[in-house]
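For reference, the structure discussed in these notes is given below.
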Amino acid sequence: MEKNSGYREHAHTADWELEVWAPDYETLFEQAARGMFAMCGAKSQPNTLQSRSLTIEAVDYESLLVSFLQELLYLAEMEKLLIEGYRLKVEPYRLQAELLGAPLVGVEKEIKAVTYHNLMILSKPDELRVKIVFDV
């Protein structure tokens, strides 16, 4: 039996696919971010937290999710900051985030991009579910 939110990796031809489920958009976005960093084996330096604020607008929830994950990859790659704490507010096609991160010390495998390949957030009365494909 699955918990009401989480993520798991699926076998995919050449890229990585992550399935994510949650009761609301905030939890869905957080689980997607945690799953993405878990898949690439990201490791941080403990006890040196830094905060970041982020606001993103998009044309739909799928684009908002991709933009959010791409922004987290940018922070990891360019600022060497691994986001580990999430306080998110998702409104129609807008995300406000207060993030806590620690210095990134390494990844096992780099993610090049978050793709739109077959990306569709499925909405049921008590659950949101999405499969995200990452270019590695």
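Each reported figure results from applying straightforward, stated rules to the coordinates on display, with no laboratory input. Everything quoted here is computed from the prediction, not taken from an experiment. For neighbour counting, all protein chains shown are included, and Cβ atoms are generated from backbone atoms with ideal geometry for every residue, glycine included.
Numbers below:
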| quantity | calculated |
| --- | --- |
| Distant-in-sequence amide H partners of Y116 (H built 1.01 Å from N, under 5 Å) | none |
| Relative exposure of V136, V20, V59, judged by other C-beta atoms within 10 Å (fewest first) | V59, V136, V20 |
| Descending semi-axes in whole angstrom, ellipsoid equivalent of the chain, from the Cα gyration tensor | 22, 18, 14 |
| Global form of segment 64-118, assessed from the alpha-carbon gyration tensor, a/c cut-off 1.5 | oblate |
| Surrounding net charge for V105, when Lys and Arg each add one and Asp and Glu each subtract one, Cβ distance under 9 Å | +2 |
| For L82, distant residues with modelled amide H under 5 Å away | A102, L104 |
| Residues whose placed amide H lies under 5 Å from that of W16, excluding near-sequence neighbours | F134, V136 |
| Neighbour-count ranking [beta-carbon atoms within 10 angstrom, fewest first] of S63, S5 | S63, S5 |
| R8, R129, R34 arranged by Cβ crowding within 10 Å, fewest neighbours leading | R8, R129, R34 |
| Cross-link pairs K80/K124; K89/K109; K3/K89 - those with Cα-Cα distance over 26 Å | K80/K124; K89/K109 |
